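The values are calculated or read from the model by the stated rules, or taken from the named source; none is laboratory data. These figures come from a predicted structure and were not determined experimentally. When we count neighbours, we look across all protein chains shown, and the Cβ atoms used for this are built from the backbone with ideal geometry, even at glycine.
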Amino acid sequence: MAVKLFITGVFVHLFLLSNGAVVADEYRQQRQQMAADIEDDVEIVAKHINKKSFDTMVMQAMRTVPRHEFVPADLRGEAYENRPLPIGFGQTISQPYIVALMTDLLRPQPGQRVLEIGTGSGYQAAVLSQLVAQVYSIEIIEQLGKSTAQLLTQLGYGNIKTRIADGYDGWPQHAPYDSIIVTAAISHIPPPLVQQLKKGGRMLIPVGTRFQTQYLTLVEKDKQGKVTTRKLLPVIFVPFTGGH
Amino acid sequence: MTDNQAPTPPLLSIFILSAAALAYEVLLIRLFSIVHWHHFAFMVISIALLGYGASGSLITVFRHWLLDNYDRVFIANILLFGLSSIVCFVIVQHLPFNTLEILWDSSQWQRLLLSYLLLMLPFFFVANGIVLTMMRFHQLIPQVYGIDLIGAGVGAVLVMVLLQIFSAETLLTLLAIGGLTAGLFALSNLGKRQKRLTVSLLVLCMFAVFLMPQKWLDLRLSEYKGLAQTLLIKDTSLRSSHSSPVSQTDVVQSPLVPFRHAPGLSLQSPTGPPEQLAVFRDGDEMTAIDHVTDHRSLEYYDYMSSALPYHVHRSPQDVLILASATGAQILQAHLYQIPSIDAVEPDKQLSLLITEQYADYYGWHNLKQKVTIHNISVRGFSAPEKNYDLVVMGPSGASSGGSAGVYALSTSYDYTVEALQSYLKQLAPDGLLSLTQWTSTPARGNLKLFAAAVAAMKQNGITHPENNITWIRSWNTATLLLKNSPFTDEEINRVRDFSLSRSFDLAWIPGIMPDEVNRFQLLQEPVFYLAAKSILKGEENGFIEEYKYDIQAATDNRPYFNNHFRWSSLKEFMSLPGQAGISMIGVGYPTLLITLAQAFVAAIVLILLPLSFMPADKKKVAGRRRNLIIYFLAIGLAFLFIEIAFIQKFTLILSQPLYAVAVALCAFLIFSGLGSLYVQRRMKDASMPIISVLLRRSVILIGLITVLYIVVLPLVSSTIMALPETVRIFSAFVLAAPLAFVMGMPFPLGMATLQQTSPNLIPWAWGINGCASVLSAVLAVLLAIEIGFNGVMFCAVMLYLVAWFANRDTINVEY
């Protein structure tokens, strides 16, 4: 009897393992397709954004991070579509193209420290964590912050530190940061965040609705500490006059 | 059933039913504006009103059975209206529909379709009751129609009054019960047993509605609205809520995480805003009430672009603040110790928040000696005995960045050329007009305002406006400063110093150099400066024509300040990947087009469907049916064209959009109802020549009066606006009465024609007219954006003429 049970157990285990491997492989394929879709999008707008492709390392990170782990279970089938998805709490996981674009604009380098305001699903932090030394992420919604922190730990993202707090004040203990990304709605650029940005650092603020990024504000602090902002459209950087 | 058994139609029931239906329509717009967004509400309710058209089509098909059972069917429809008005709303609320996701997720369209079908039902049942009554009492069609219109007119006013007293959810219950009471006045033709049964059923339903759990009716705000998201933050709570016919106002406190609402605050600001309460209108559009403890808590106002006029003017004494909302601009003026402040705010509820409910929090006791708040529209305010050193208008509501173009369909008379002309006239000799707005990316509204400013100055006789304008911008706001005389060198230097010290960018100052622009808040190209230079040079046609958005100055005739859509840019925007084109266009205009497309398809189906149940056409008959379609389509389109145009005209005259809607709807529906009753009186002889004569006269009169109004109304508007409120309301009624009276005639005349020739087609004609009304509401907005409201009124006159020609051949149609 015990032998029978043992054999059955082994069989079931092997079946589940192989099934899991198939699913994982399927997700991997979908992820590659998603990356290809992003590259196609970049090609379409290449003449507008003055670059033919995003940074290779950024695209590698997009190919690596399992986006399906960051979406609700019932939406996993759509995890690798190039579109934003609802994650509850009135929040979304951003469109992969926008995640890639924002990550590319931050020009991440190994050894850098990045601060994220608005952890949300944790996907953006996970992508950044592939490219920099340390990601610090702040979420204001307690329940969302806790569940995402737990998920990031489960998935083994050891270089992401999260906390539940008001992002306006930043995270001064770990400042200065090489780059900051702010995904919360704001009426003005928070001065504490600018202060916590390194000289030569970049801060990115997407503006729009949860399902549509209308434009991005890129805040740059030069080597002398002078701060300028630039407004960028996610898909079109051409002059807006003429050309009908 | 014969006429002898039912000698009189249930007019009181029709009156109540019509009043309840119109009130329900207005209420649904309110409810969906709160739950979702108002452009979505516009779309859903427009389509739902096709229930009227659907009723006509279905009755055409099943008319024999329905008429044979008229009394029971009539009461059943009342019953179904009462129940469906509340049940359908509850079900729609529980559908997992997300308007923001509609571009990404095809399943959202299925949910939207289900919402349409559910919300059509109450209107369908009401229409069934009215059309069947018209058919049953076909000799009295004008009377029934007249009572229907008068009931709707009363309903229009009633809902406005009730929304002042009750919350929208409570009113939903009251309307359902009110609708059910219509059944109690339609029992006369029933037998004793049937009467008892019907009364029991009606009362039972009333109780069921009354006892419906409040939880089912609670509004389920979209989780993506600002209020819903704010309430997720730890320790936030709702301090107070107030519902009005215009908006729902919610005040939220957050002791743990400060709101820090400070539009465009400079990065150089040494301080931030003090503790604040957030104020949401319809669950979005956040503004704030500052907790004023001392003068220092206001210092952050000095680092906003809107502080510019206080730095440029030497010593402002009298300040006029337009659209003061929750008082931020008042506090800014107080920071500079202005001794006399007049503030204008159309929404009384917002003023009461700072003067009564949260007066201590806001520090009203320090302000009330020198601040007077006038609750009137911005355009309606005038102080003939006073000129102001500064006239100031700040940014209102949420940033344009977050609103995604949802206000494209809203009219606004505050930023038209005529508006700016009137503000400039209120300035003292060295006075400044300061207009601060949110910026958008790519720039559009700001450029439109600049074009309007230049046009206004030119129309006020300023030949070189380039010397009378300065323009600066922060990260997300832009402040435009206008003067009736040229800016002095000293003033220009103050603008430079102010901007430089706060890292704001110059967009225009007299004598500006190209290297002075686009230094801190970098744009892809210095489009503000380029636009200003081009428009001031008089090249506005060149620049305005070339730009990818519509930035032509808004006027009182085309008051769509927030619409920037251009057809010529559509192809380019739509070629962008990942639905990005929509973020370029904004959702407002596409919503209008999608609504029109949906309504058009549905209307064609509803109009053509009954034809398949009619006998095969002979050539002559087919031609007359075509004329019948043209006639009822034309008058349906034309009626609403004029009604909508008048709502806009009245918005200016009455100074309150709410009054404008209430007065226009009430006046047009009631006087049209009286016109219809007049037709009934004249038709006692029931002779065809009378129909023909009345129709000809009414069309001629409609044409003459409309053209007269197009010419005269702009001339008398400013005179009427200066009159006391009650006189203005009375004037609006007097203005609407003659036109509405004659507009009430073509429909019953057309129906009377059918009643004599082919009564079976009465419901079909009703359906056509119903579909036309829905198309008209959408088309009127599309046309007004392109050709202005005078153009819309002119189109209406043309449509009445078309109807007249079509009717001449239809009069003798027989099937």
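Here is how the numbers come out for the structure above:
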| read-out | value |
| --- | --- |
| Candidates B:Val319, B:Val292, B:Val378, B:Val279, filtered to the one that is assigned to a loop (DSSP other than H, G, I, E, B) and under 34 Å from the mean Cα position of the chain (by Cα) | B:Val378 |
| Options B:Gly272, B:Gly264: the member that is at negative phi, at the interface with another protein chain (Cβ under 9 Å from one of its Cβ atoms) and part of a loop (DSSP other than H, G, I, E, B) | B:Gly272 |
| Residue within region B:563-575 that is buried (at least 24 other Cβ atoms within 10 Å of the Cβ) and within 28 Å of the chain's Cα centre (by Cα) present | yes |
| Of all residues in region B:95-105 being within 11 Å of chain A (Cβ to nearest Cβ) and free of Cβ contacts under 8 Å to residues at least 24 places away in the same chain, the one that is farthest from B:His38 (Cα to Cα) | B:Asp105 |
| Condition broken by A:Glu69, with the remaining ones in (1) closer than 21 Å to A:Pro206 by Cβ; (2) at pLDDT 95 or above satisfied | (1) |
| Subset of region B:293-319 that is assigned by TED's automatic domain parsing to the domain that holds B:Gln437 and among the β-branched types (Val, Ile, Thr) - its residue that is surrounded by the most Cβ atoms within 10 Å (Cβ to Cβ) | B:Val319 |
| Among the candidates A:Ile186, A:Ile160, A:Ile164, residue that is more than 27 Å from B:Arg519 (Cβ to Cβ), within 11 Å of chain B (Cβ to nearest Cβ) and either in contact (Cβ under 8 Å) with a residue 12 or more places away in the chain or touching a Cys at 6+ places or on another chain (Cβ under 6 Å) (or both) | A:Ile164 |
| Matching residues, region B:770-789, being buried (at least 24 other Cβ atoms within 10 Å of the Cβ) and under 16 Å from B:Leu633 (Cβ atoms) | B:Gly770, B:Cys771, B:Ala772, B:Val774, B:Ser776, B:Val778, B:Ala780 |
| Of the criteria (1) surrounded by fewer than 23 Cβ atoms within 10 Å (Cβ to Cβ); (2) at pLDDT below 95, which one B:Lys458 fails | (2) |
| Failed item in (1) within 19 Å of the chain's Cα centre (by Cα); (2) under 30 Å from B:Ser305 (Cβ atoms); (3) buried (at least 22 other Cβ atoms within 10 Å of the Cβ), with A:Thr162 passing the rest | (2) |
| Single residue of A:Thr213, A:Thr229, A:Thr209 found to be facing another protein chain (nearest Cβ under 8 Å), modelled with pLDDT of 90 or more and under 20 Å from A:Leu101 (Cβ atoms) | A:Thr229 |
| Residue ID - farthest from A:Ala184 (Cα to Cα), chosen from residues in region B:227-243 that are of a type in the set (Gly, Ala, Ser) and buried (at least 17 other Cβ atoms within 10 Å of the Cβ) | B:Ser243 |
| Yes/no for A:Leu115 being more than 14 Å from every other protein chain (Cβ to nearest Cβ), in contact (Cβ under 8 Å) with a residue 60 or more places away in the chain and surrounded by fewer than 20 Cβ atoms within 10 Å (Cβ to Cβ) | no |
| Scan of region B:501-542 for residues that are of a type in the set (A, V, I, L, M), away from chain A (no Cβ under 12 Å) and over 34 Å from the mean Cα position of the chain (by Cα), ordered by number | B:Leu506, B:Ile509, B:Ile512, B:Met513, B:Val517 |
| Yes/no for A:Ile87 being free of Cβ contacts under 8 Å to residues at least 12 places away in the same chain and within 14 Å of another protein chain (Cβ to nearest Cβ) | no |
| Unmet requirement for B:Asp284, which otherwise passes all of (1) closer than 27 Å to B:Arg30 by Cα; (2) surrounded by fewer than 22 Cβ atoms within 10 Å (Cβ to Cβ) | (2) |
| Matching entry among B:Leu95, B:Leu162, B:Leu118 (being surrounded by fewer than 22 Cβ atoms within 10 Å (Cβ to Cβ), within 22 Å of B:Ile78 (Cβ to Cβ) and either modelled with pLDDT under 90 or under 23 Å from the mean Cα position of the chain (by Cα) (or both)) | B:Leu162 |
| Hits in region B:241-261 (condition: part of a strand (DSSP E or B), of a type outside the set (Val, Ile, Thr) and either within 26 Å of the chain's Cα centre (by Cα) or within 29 Å of B:Ser499 (Cα to Cα) (or both)) | B:Ser241, B:His242, B:Ser243, B:Gln248, B:Asp250 |
| Criterion (at pLDDT 90 or above and within 14 Å of chain A (Cβ to nearest Cβ)) met by exactly one of B:Thr249, B:Thr236 | B:Thr236 |
| Within region A:172-199, tally of residues that are assigned to a loop (DSSP other than H, G, I, E, B) and within 24 Å of A:Arg210 (Cβ to Cβ) | 8 |
| Residue in region B:215-226 that is in a helix (DSSP H, G or I), within 14 Å of chain A (Cβ to nearest Cβ) and within 19 Å of A:Gln143 (Cα to Cα) present | yes |
| B:Ile492 vs. criteria in a helix (DSSP H, G or I), more than 12 Å from chain A (Cβ to nearest Cβ) and β-branched (Val, Ile, Thr) | yes |
| Given (1) of a type in the set (S, T, N, Q); (2) part of a helix (DSSP H, G or I); (3) within 9 Å of chain B (Cβ to nearest Cβ), index of the condition A:Ser147 fails | (3) |
| Filter result for B:Ile551 (touching a residue at least 40 places away in the same chain (Cβ under 8 Å), surrounded by 21 or more Cβ atoms within 10 Å (Cβ to Cβ), within 33 Å of the chain's Cα centre (by Cα) and within 12 Å of another protein chain (Cβ to nearest Cβ)) | yes |
